[in-house]
Amino acid sequence: MDLSIIIPLFNEAESLPELKAWIDASLKDFTYELIFVDDGSTDGSWDVISKMADENVHAIRFRRNYGKSAALYEGFAAAQGDIVVTMDADLQDSPEEIPEMVRMIREDGLDLVSGWKQHRKDNALTKNLPSKLYNWAARKVTGIHLHDMNCGIKAYRREVVKNIEVYGEMHRYIPYLAKNAGFSRIGEKPVHHQKRKFGVSKFGMDRFVNGFLDLMSLWFLSRFGGKPMHFFGASGILMFLIGFVMTIWVIAAKLYHQAHGLPYRAVTDQPLFYLALLAVVLGAMFFLSGFVGELISRSAEGRNNYQIKERL
């Protein structure tokens, strides 16, 4: 089978028949399966999917709303095609982009192709500007130069989706997860973006705050997830040394003033002393946190799960 098209959805009943017809018309030269993942819809989306089900249309239904990452995780697990494509169900992603994305993987040797909505049809204040800031931060942190990290339409080699784990709200950073798993040939294709035809967006402004926090989590885990002592230990030692030097300074300054008959304050009357004490305590706590992190890391079940490309 050429393709697996994974479509996570939540309350998109009106869009589904038109979306399926659009996909069928766009992919006549491919063999493919459609995998709808109903993320706890309450508007009759499942009834619509059930009527479309056949040997090429498969569906997964959650008992409640878990989020897009959970839907993609289950879709990736079920996918059987050589190339896996993800797209949203709201008709804003065009399936006509898929053949070129597939060509880029097959002929250009890419592991992942991400869409780039160059000309968004969303509200400029609530979507466009925050999206630009979010993508700028993502490029700086991940080192992946994509203009639209969170674009819904993407194409992957099957090996990519079978070797990454999408959880929480990490669907925004699948290219970064792929890069950390060793799939570094990541490309981008400008795609046409349509206005939403039915319903309303399921994402609010809070996604940008959550997205930034998730980005920091991913960055930390990729850099120090297997060696937490390198972060907490180094930070702890630095803070401890700063506090120690400040303490010596306060004491030495008092002794100097005493020896030369100059006015002086008691050590405990000086704010610098308490800052030094705080730095020493925090340094010790950070260092101990590093030890605890190492114990957890060494006991983790997947500590020796490595991405092996091939064997001879």
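Some points to look at:
- Only Cα pairs under 8 Å and 6+ residues apart enter the sum, and on that basis the relative contact order of the chain stands at 17 percent.
- Taking all protein chains together and rolling a 1.4 Å probe, Phe244 ends up with roughly 110 Å² accessible.
- Fully extended contour minus Cα-Cα distance, from Glu107 to Asn210, at 0.36 nm per residue: 33.4 nm
- Most fluctuating residue given options Ile186, Ile60, Ile237, as computed from a GNM of the chain linking Cα atoms under 10 Å: Ile237
- Accessible surface of Thr268, taken over heavy atoms with a 1.4 Å probe and every protein chain present, rounds to 80 Å².
- Three-way shape call for the stretch 27-151 based on the alpha-carbon gyration tensor, with the a/c threshold at 1.5: oblate
- Hydrodynamic radius by Kirkwood, which averages 1/r over all alpha carbon pairs of the stretch 1-90, in angstrom: 12.9
- Stokes-Einstein D for the stretch 144-255, Kirkwood Rh over Cα pairs, 4 °C, 1.567 mPa s (µm²/s): 72
- The stretch 70-114 - convex hull of alpha carbons, volume per residue in Å³: 87
- The charge dipole of the chain, taken about the Cα centre with unit charges on the Cβ atoms of Lys, Arg (+1) and Asp, Glu (-1), comes to about 1320 debye, rounded to the nearest 20.
- Over the chain, the reciprocal of the mean inverse Cα-Cα separation, the Kirkwood hydrodynamic radius, stands at 22.6 Å.
- For the stretch 207-289, the fraction of C-alpha pairs more than 16 angstrom apart is 65%.
- Solvent-accessible area per residue in the chain equals 56 Å², computed with a 1.4 angstrom probe and all protein chains kept.
The values are calculated or read from the model by the stated rules, or taken from the named source; none is laboratory data. These numbers were taken from a predicted model, which means no experiment stands behind them. FYI the Cβ positions are ideal-geometry reconstructions off the backbone, even for glycines, and counts take in every protein chain you see. The accessibility values were calculated without ligands, DNA or RNA, using every heavy atom of the protein model including side chains. Shrake-Rupley method; radii C 1.70, N 1.55, O 1.52, S 1.80 Å.
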